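The values are calculated or read from the model by the stated rules, or taken from the named source; none is laboratory data. Just so you know, these numbers come straight off a predicted model, no measurement behind them. Cβ atoms come from the backbone with ideal geometry, glycine included; neighbour counts cover every protein chain shown. The protein model used for the area step is the full one, side chains on, heavy atoms only, and it has no ligands, DNA or RNA in it. Shrake-Rupley method; radii C 1.70, N 1.55, O 1.52, S 1.80 Å.
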Amino acid sequence: MFPAPAKAVTLPAMLDRVLILSVFVVASCGLAYELVAGALASYLLGDSVLQFSTIIGCYLFAMGVGAHLSRYVRDEDALARFIDIELLVGVLGGLSATLLFLVFAWMSAPFRSVLYVVVFLVGVLVGMEIPLVMRVLNRHRAAFSELVSRVLTFDYLGALAVSLLFPLLLAPTLGLARTGFLFGMLNVGVALWTAWHFRAELGGVSRRLLRGGVILILLAGGFLLSDRLTHWAEQGLFGDDIVFARSTPYQRIVVTRWQDDIRLYLNGNLQFSSRDEHRYHEALVHPALAALPGARRVLVLGGGDGLAVREILKYKNIDSVTLVDLDPEMTGLFTTSAPLVALNAGALRDKRVKVVNADAGQWLEGDVGSFDLIVADFPDPSNYALGKLYSVPMYRLMTRHLAAGGYLVVQSTSPYFAPHAYWCIDATLREAGFQTWPYHVYVPSFGEWGYILAGTRPGFTPPSQYPVATRYLNAATTAEMFRFPPDMTPPVVEPNRLNSQSLVRYFEQDWGQVIR
Amino acid sequence: MRRRDFIGLSAATLALSACEPLARLRGLGIPLSVLRPGMADGHRLRDAIKLPEPGGELSTGVAILGGGIAGLTAAWRLAREGYTDFILLDGPEPDGNAAATRFSVGAENYAAPRGAHYLPLPSRESTHVREILADLGVIRANPQSERPEYDESALVHSPEERVWYQGAWHEDLLPTRALPEAEAAQHRRFEALIASLRTARGADGRKLFAIPIVESSRDPVWRALDRLSFAAWLRREGYTAPSLLTYLDYASRDDYGAGLAGISAWAGLHYFAARDGRAANAEPGAVLTWPDGLQTLARGLGKYIPAGQRYAGYALRIEEGRNGVRVLCRDKDGKVYTLNARRAICALPLHVAARVVPNLAGYGFDARRHLPESAPWLVGNILLRGFPKEQAGVNLAWDNVVHGSRGLGWVVSTHQDLRAARPAHTVFTTYRALADATPRAGRDLLQRAPDTELLALALEDMEQVYHPLDLWRRMQAVELILRGHGMAIPRPGYLDNPGLAALRSTDGRLLFAHGDLSGYSVFEEAAWWGDIAAQRILKG
Ligand SMILES: Cc1cc2nc3c(=O)[nH]c(=O)nc-3n(C[C@H](O)[C@H](O)[C@H](O)COP(=O)(O)OP(=O)(O)OC[C@H]3O[C@@H](n4cnc5c(N)ncnc54)[C@H](O)[C@@H]3O)c2cc1C
């Protein structure tokens, strides 16, 4: 079957061999990219017969387009264009698997489109390769018909080699991303080799070699780092770079400003308005701290805006405040953004404050010492995961870290709008072994809002004066907070048990009625 | 042939071979491990012509052979009563069916069960289980009362379970609300029957269906149900609703490793009627579970064993002599020695005991007639990065079941974590009893099927529910655990198996303890026999 080797007319034997070897490599690469794309798509999308047949179809069509386009290359440019195309195929084909992986990891919708665009482009380029090689050979007046058959032979041999190597060796050992990079490097290698050997008749060889070298290094880097590359790209995924709106892995943070009113929204829920947040935060912190004149260590769970910390830092007796908030973006924002830092009076930058980004439950399970006051300023219990923050096991964990005679204060949604949820939290704290002193305050932007003060010893008297400056709290408003008017009588509720998560259900029902 | 044709053809050939999941795993670089606990050792023993000679000797007061729940409970009881002159020999798998796995990803560890994963609230009769739970801190107060108070982190958190039925999730395991009225009526009738059986007592005044099973009533009217298959009983009672039968078949495979036609009607009703435990702080029917399944309990029991008295090693032969029991053991390095004990507890699965206790017939157990059939099981642990996307507004539950599937769904190992945010990774544990044909055929499959096929079985349910695109991109590692003899199957007639009865009452130098002694295997039964054996030793 193999035609006997014929002598090339003008081409030196060595160059001849180089070209033929290039054909072999080029052919291998051409098939490899198609296989990589097909395998990747069937791994990721399933239904491999569908994936392979559509990809093959697209690829073959693209090769046809490429072959057609190659006619528009002028004869004298054929060699130079061939080298350019090799570089391009090397980059595009080499990166294709990783690129598709990344696209897939982030967004599933455009994955198919990107897949077919990549397959098509690689196909077009690959389709141009062999016709261009033929024309280069033709130009060197090689015995054309013999050469054609030799080129085709090596073309088939290259394809055969890859079709065997790919499923048996390359995909299982290197994985798809690395296989892609490997063939990319081979293509670039061909480009470099060809450029070097035909340096006599090509202009700007050093520029070509430099370009090829850079691409080769990039691909080699990708080959070595392909695991980490995927990982990095994932981490940098979230967030459009608007200063005050950011999606983090945990939530969407939006800060708005209208005249002198700054508002924070998490997942669309208002967290505070700078006009009246002092009411919320004074009420959260001062009744407990004013009753603990000897307090030194305070723990704030949630509350990444630093506003509760601001209130705590007013007490000179406090040596240390630990703030545990899940979201580094949140604490970062309130440590660096000027208007927000102005709002929390630089609380998160204070020497006495330590910021920890962790899940409160996980952090409390560790050995973290004990605190005179624990402030639980968590988001409302609007889903099962958040419901766990208001559970007996969670409160027991807190007890473990509460100093003797210390207090726990829990933001507890609205006793007016969500009475079942509010009193459920109270019942849960009692079930966990706490004494409780429920109270509430009117925050204009929220409405009537509730807290529960809890301790392990009996006897708490609401403070009649405060040792620090307050805007809202005084003896009268404090006394009022601890009284519940007749239209806020506690309903009968069960404690929040994780087995039934009654709190989440109460919360949904209560607020469902308000909204209606 | 032109270049394009050639490329097209070779790629198409490849396509056909690439669709199977193993190739996909490899292609995506996901590591797969396949474990067959006890199989190599067991088959070596089965095929051995001659046992090796011992090279040394060791002696102890009591030898506990087998480190499953039965053996561990025996050790717990002995140690708790101050009797510490014993050694526990683990065998091929410490913790047995209650073993677990740990995946580490960076600094995080993710535990998941390799077998047993939950314990129903113990019934009033399960005083031994309540005692264990109180010792381990799982019951916080009033362990023997009607409604003890449990540690909530172990009570399964809501949402507990859901079923995938006709392309959507439904709460609980019965899609009752989605059914036509005639079918729903049968569900209600069955539920009402079970509710009445929960409290019903036999002519002898005992509960009809109790856990441990030996505490159940002997009333012959009800014991007669043991002569019928569950399928036959359901037919006789006019239960024909396909959705009900599918659900009951699922329950039967889930608890006993065999379908409706393969289990005793008495066992089928026992599954539902015997679990009547209550808690002060949970709904009726709640279960206890931990990220690593029941290994938390196994570990808690194991802590009672004094340091240095838990041995890795394998019992090759157990023989009663004049002064005690001689156990030929092989340690983990292959060295063989004799363990001399005044008394021994054989806490091995019965199919192993049948090989290593030459004189088993002398205790009244004839393996050929009395050995319960055992069900082969396949457990898959799938480590995932993040969580697959659920349908809008639907919450992932702890137990997730596909109605009508041959698989038994999956449980979520991170479900009980006290976390506000979802962990970066999780493990889904999929279960499947190979109950389609005979147990032997199932074991053949486990032994010979290519990894590809096993993987496909383990993933079947998840692949039905999740977008494969989403599922596969999250998979980080897969572990398959093949248990050829997972648990004894309660075939019709199992209640009156005279061989089991004989082993249960043995009280000589060699005692027996294992879930198998009850004719079916759950934690409560395994612990019961371990406890009974230990108490016999303490008495005398
Ligand atoms: C897939 C699966 C899921 C299950 N899920 C549950 C569940 O959710 N809840 C539940 O209550 N029950 C479940 N079970 C039942 C489970 O079997 C029991 O809960 C319990 O773990 C059985 O304990 P055991 O001591 O009787 O036996 P095993 O767990 O079988 O322990 C036998 C022990 O003997 C050892 N051994 C074997 N051969 C030798 C030898 N030659 N020498 C020395 N030692 C030896 C083994 O290493 C092992 O430690 C499940 C079982 C299976 C198979």
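Long hydrophobic helices in chain A, taken as whole DSSP H segments with a C-alpha length of 30 Å or more on their own axis and mean Kyte-Doolittle hydropathy at least 1.6: A:13-45, A:78-106. Interface residues of segment A:476-498, defined as a loss of at least 20 Å² in heavy-atom accessible area between the chain alone and the complex of all protein chains with a 1.4 Å probe, are A:R497, A:L498. Summed over both chains, the accessible area lost when B and A associate is about 4600 Å², using a 1.4 Å probe. With a ≥ b ≥ c taken as the square roots of the eigenvalues of the C-alpha gyration tensor of the protein assembly as shown, please select rounded if a/c is under 1.5 and otherwise prolate if a/b is larger than b/c or oblate if it is not? Oblate. Ranking A:M63, A:S412, A:V117 by how far each Cα lies toward the positive end of the dipole of chain A (charges on Cβ) leaves A:M63 at the top. What number comes out for the charge environment of A:G405, summing +1 per Lys or Arg and -1 per Asp or Glu over other residues with Cβ under 12 Å away? Net local charge, A:G405 excluded: 0. Here B:D496 sits with roughly 100 square angstrom of accessible surface, probe radius 1.4 Å. Take B:D516: with every protein chain present and a 1.4 Å probe, its accessible area is about 20 Å². Is chain B rounded, prolate or oblate when judged by the Cα gyration tensor, a ≥ b ≥ c being the square roots of its eigenvalues, rounded requiring a/c under 1.5 and prolate requiring a/b larger than b/c? Because a/c hits 1.5 or more and a/b fails to exceed b/c, chain B counts as oblate.
If you average the alpha carbon positions of segment B:378-404 and of segment A:294-334, how far apart do those two centres end up, in angstrom? The two parts, judged by their Cα centres, are 37 Å apart.
Only helical runs count toward this figure. For the protein assembly as shown, summing -39,500 (n - 2.57) over DSSP H runs of n ≥ 4 and dividing by all residues gives -14000 deg cm²/dmol at 222 nm. Near the amide H of A:I374, within less than 5 Å, lie the amide hydrogens of A:L299, A:Y407, A:L408, A:V409, all on another chain or at least 5 residues away, with H placed in the peptide plane. Electrostatic bookkeeping for A:L216 treats Lys and Arg as +1 and Asp and Glu as -1; over the other residues with beta carbon under 13 Å from its beta carbon, the sum is +1. Of all beta bridges that DSSP places with both ends in the protein assembly as shown, some 65 percent have antiparallel geometry.
Below 8 Å, C-alpha to C-alpha, sequence gap of six or more: please give me the relative contact order for chain B in percent.
So the answer I get is 24 percent.
Using the Karplus relation 6.51 cos²θ - 1.76 cosθ + 1.60 with θ = phi - 60°, the per-residue 3J(HN,Hα) values for segment A:296-307 come to 10, 10, 10, 10, 10, 9, x, x, x, 6, x, 6 Hz, with x marking Gly and Pro.
For segment A:353-380, a drop of 30 Å² or more in accessible area on going from the chain alone to the assembled protein chains (1.4 Å probe) is found at A:D359, A:Q362, A:E365. Near B:L511, the amide H atoms lying under 5 Å from its own belong to B:A344, B:I345, B:C346; only residues 5 or more places off or on other chains count, and H is placed 1.01 Å from N. For the listed residue pairs B:K50/B:K332; B:K332/B:K539; B:K303/B:K332, the alpha carbons are over 31 angstrom apart in B:K332/B:K539.
Amide H to amide H distances under 5 Å link A:L402 with A:F371, where only residues 5 or more positions off or on other chains count and H is placed in the peptide plane. Determine the residues within segment B:152-174 where the difference in accessible area between the chain on its own and the full set of protein chains amounts to at least 40 Å²; count protein heavy atoms only and use a 1.4 Å probe. Correct list: B:E152, B:H157, B:S158. Sequence-distant contacts, meaning Cα pairs under 8 Å at least 6 residues apart, place the relative contact order of segment A:349-425 at 34 percent. The orientation-averaged projected area of the convex hull spanned by the Cα atoms of segment B:190-278 comes to 5.7 nm².
Within the assembled protein chains, the solvent-accessible surface assigned to A:V119 is about 10 Å², based on a 1.4 Å probe.
Which percent of the accessible heavy-atom area of the protein assembly as shown goes to carbon and sulfur, probe 1.4 angstrom? Carbon-and-sulfur percentage of accessible area, whole number: 55.
Excluding ligands, DNA and RNA, the accessible surface per residue across chain B is 38 Å² with a 1.4 Å probe.
Taking every DSSP bridge with both residues inside segment A:276-515, close to 40 percent are antiparallel. What chain A shows is 42 Å² of accessible area per residue, with the surface traced by a 1.4 Å probe over protein heavy atoms. Taking every C-alpha pair closer than 8 Å and separated by at least 6 residues, the mean separation divided by the residue count of segment B:144-233 gives a relative contact order of 11 percent.
Converting phi to 3J(HN,Hα) with the Karplus coefficients 6.51, -1.76 and 1.60 and the offset θ = phi - 60°, segment B:440-454 yields 4, 4, x, 5, 4, 4, 4, 7, 10, 4, x, 3, 3, 5, 5 Hz in sequence order, with x at every glycine or proline.
Could you state the number of Å between the C-alpha centres of segment B:142-184 and segment B:188-261? If you average the Cα positions of each part, the centres end up 20 Å apart.
Can you pull out the trypsin sites (Lys or Arg not before Pro) in segment B:279-367 that DSSP calls coil and that have at most 16 other Cβ atoms within 10 Å?
Taking segment B:279-367 and a limit of 16 other Cβ atoms within 10 Å, the loop trypsin sites (Lys or Arg not before Pro) found are B:K303, B:R322, B:K332, B:K335.
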